[in-house]
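The values are calculated or read from the model by the stated rules, or taken from the named source; none is laboratory data. This structure is a prediction, so every number in the text was calculated from the model and none was measured. The protein model used for the area step is the full one, side chains on, heavy atoms only, and it has no ligands, DNA or RNA in it. Shrake-Rupley method; radii C 1.70, N 1.55, O 1.52, S 1.80 Å.
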Amino acid sequence: MDGAQSQALTPDPGAWRPLAYSDLQRPTPRSATYTDIWKDQIDANNEAYRVRGDRRFVDGNAPAIAAHFVIWSERRSVVLTVLNTALGCAPKLRESKVRAVVKLCPMRIAIYNGIRVETLDAGRGCYLEPEPGANIDPSASAAYGAYDVGSKRLKLGMVVNHQVVDGCSFNIPLARP
């Protein structure tokens, strides 16, 4: 991660915090980390649109948004990210009351040790997407992440309309057995 050494340590990494979102359709310096993590998937998504004859995105990427959270420590930084693309995700749940869809999408973890980075596929994670024209109230529906220092596990969870979404809670070990 560019500038990893200059980042502040994450206060209370075990506290649940909402995931942040980066639109990767038009990469910026601010989204470069997530564009790098997902480069192969973004390229495949772009190619799938081209093969279908969709040329709307020739001066950028086809629609792609990464949900993520980052833990900064003295030794390393860790990013957990879930990539939402039309062709890379499958619907899991539609919640009409809050006009949202929960999708299962590819999930990755990137571990930064100085200038070295290790990127790991982490299966499929849940991604919360508003229906077109809808705004999601983050006090009622959100994806959350945390890091359990003692067990060295990333934790991910989701609440939609104040209810925990079954199958969207993950505990991902970072320590190798």
>> Ignoring ligands, DNA and RNA, please state the percent of accessible area on segment 120-177 from carbon and sulfur, probe 1.4 Å.
In response: 52
>> For residue 155, give me every one of the aspartates and glutamates with a C-alpha distance below 15 angstrom, ignoring sequence neighbours fewer than eight places off in its own chain.
In response: 12, 166
> Given segment 86-177 reduced to its alpha-carbon atoms as identical point scatterers, what log10 I(q)/I(0) does the Debye formula return at q = 0.18, 0.21 Å⁻¹?
Replying inline: -0.86, -1.05
> Rounded to the nearest whole Å², what accessible area per residue is found for segment 77-129 with the 1.4 Å probe?
Replying inline: 45
>> I'd like the distance separating the alpha-carbon centroids of segment 108-133 and segment 21-69, in whole Å.
In response: 14
> With every protein chain present, what accessible area does residue 59 have (1.4 Å probe, heavy atoms only), rounded to the nearest 10 Å²?
Replying inline: 110
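Once you have a ≥ b ≥ c as the square roots of the Cα gyration tensor eigenvalues for the chain, tell me rounded if a/c is under 1.5, and otherwise prolate or oblate according to whether a/b is larger than b/c.
oblate
As an exercise, take the mean of 1/r over every pair of distinct alpha carbons in segment 69-130, invert it, and state the Kirkwood radius in angstroms. Walk me through the intermediate numbers first.
Working: mean 1/r = 0.0772 Å⁻¹.
13.0 Å is the Kirkwood radius here.
Go ahead and estimate [θ] at 222 nm for the chain from helices alone: -39,500 (n - 2.57) per DSSP H run with n ≥ 4, summed, over the residue count, rounded to 500. Intermediate results must be reported in sequence, preceding the final value.
Numbers: 2 runs with 19 residues, N = 177.
Roughly -3000 deg cm²/dmol at 222 nm, from the helical runs in the chain.
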